[in-house]
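Coordinate-derived values only; no laboratory data. None of these values were measured; they are calculated from a predicted model. All Cβ positions, glycine included, derive from the backbone under ideal geometry; neighbour counts span all protein chains shown.
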Amino acid sequence: MSGVSVVTGGGGGIGREVALRLAARGDAVSVWDRDPDAARTTADAIVEAGGRAESEALDVADQDQVRDATARAISAFGNISTLMTGAGYSRFVDFLDLTIEEWTSMLTVHATGTFVCAQAVTPSMIDAHFGRMVFISSLAGLSGSAGHVHYAAAKAAILGLTKALCKELGPSGITVNAIAPGAIDTPMLKLIKPEIAERNSNNPVGRVGTPADVAETVLFLASPQASFITGAVVNLSGGAYTY
Ligand SMILES: NC(=O)c1ccc[n+]([C@@H]2O[C@H](COP(=O)([O-])OP(=O)(O)OC[C@H]3O[C@@H](n4cnc5c(N)ncnc54)[C@H](O)[C@@H]3O)[C@@H](O)[C@H]2O)c1
């Protein structure tokens, strides 16, 4: 199939892999990231491989920037069929040291950013009566994580957004799902203290997750075949958490 995908955080470890694989299945991809060089590098890799891509340097929580980028993607490639939101960051802070600025920043990037991007692409999906939204939450949003109160709260907000939005957009042919990854081997994991990364990487499968594990899950949820899956949270943690 071929469609038009928007990938946020497309310059990062998970987003880049998702963007490359969506392009390999034939999608035109608009790669969004606040890091212009990272976004351009991913888009260039797609074009060099024979695909169609453009890059946008933006903050996912900035409604004007996101609306402008959405309009440019539609004008370049047509109606948006897939939105994958991978923009984000992580920082461990003990609860008593957590400032309101850090709390607000975390909620803004993850929760507000996901809302802003989802709202921007929705009219285009309604127009086509087809859409696939896949939001990247985290195992922390399902089970909590010490030293990560603001991150867990922000990732849990994405789950509420997923479940409510699937009900509102289902009649328009749009599915909305979330993936809750455990530890995935990306630049973000390398920024975490080794002892925390090791604790988070323990799981029954016995290895850390890869961007490819996430990307293949996104590809399925973003396919026409996944039309009956909506409002779901995929636990992608090698069994680290069961519920
Ligand atoms: N790596 C893991 O272990 C892991 C586990 C669970 C969830 N996640 C989530 O997966 C997503 C992708 O993480 P990753 O591991 O690929 O990290 P990463 O740091 O490699 O990539 C994140 C990308 O998001 C971009 N970004 C950050 N804030 C942004 C903003 N406001 N606007 C636009 N772009 C922004 C960064 O520039 C970066 O390129 C994140 O939401 C993260 O919370 C990661």
Quick check, is Thr242 polar (S, T, N, Q) and touching a helix residue (DSSP H, G or I) at 6+ places or on another chain (Cβ under 9 Å)? no
Over the stretch 30-87, the set of residues part of a helix (DSSP H, G or I) and among the aliphatic types (A, V, I, L, M) is Ala38, Ala39, Ala43, Ala45, Ile46, Val47, Val66, Ala69, Ala71, Ala73, Ile74, Ala76
Cβ-Cβ under 9 Å pairs, at least 6 apart or on other chains, the stretch 10-34 side over 9 Å from Ala215 (Cα atoms) and among the polar types (S, T, N, Q), far side within 13 Å of the ligand (Cβ to nearest atom) and part of a loop (DSSP other than H, G, I, E, B): Ser30/Gly10
Being within 15 Å of the ligand (Cβ to nearest atom) and in contact with a His (Cβ under 9 Å, 6 or more places away or on another chain) is the filter; apply it to the stretch 154-184 and report the residue that is nearest to Gly78 (Cα to Cα). Ile158
Enumerated helices (runs of 4 or more DSSP H) restricted to the stretch 152-243, each holding at least 1 residues that are without any contact (Cβ under 8 Å) to a residue 40 or more places away in the chain and touching a strand residue (DSSP E or B) at 6+ places or on another chain (Cβ under 7 Å): 211-221
May I ask you to list the residues in the stretch 21-57 that are buried (at least 23 other Cβ atoms within 10 Å of the Cβ) and of a type outside the set (Asp, Glu)? Leu22, Ala23, Val29, Ser30, Val31, Trp32, Ala39, Thr42, Ala43, Ile46, Ala53, Ser55
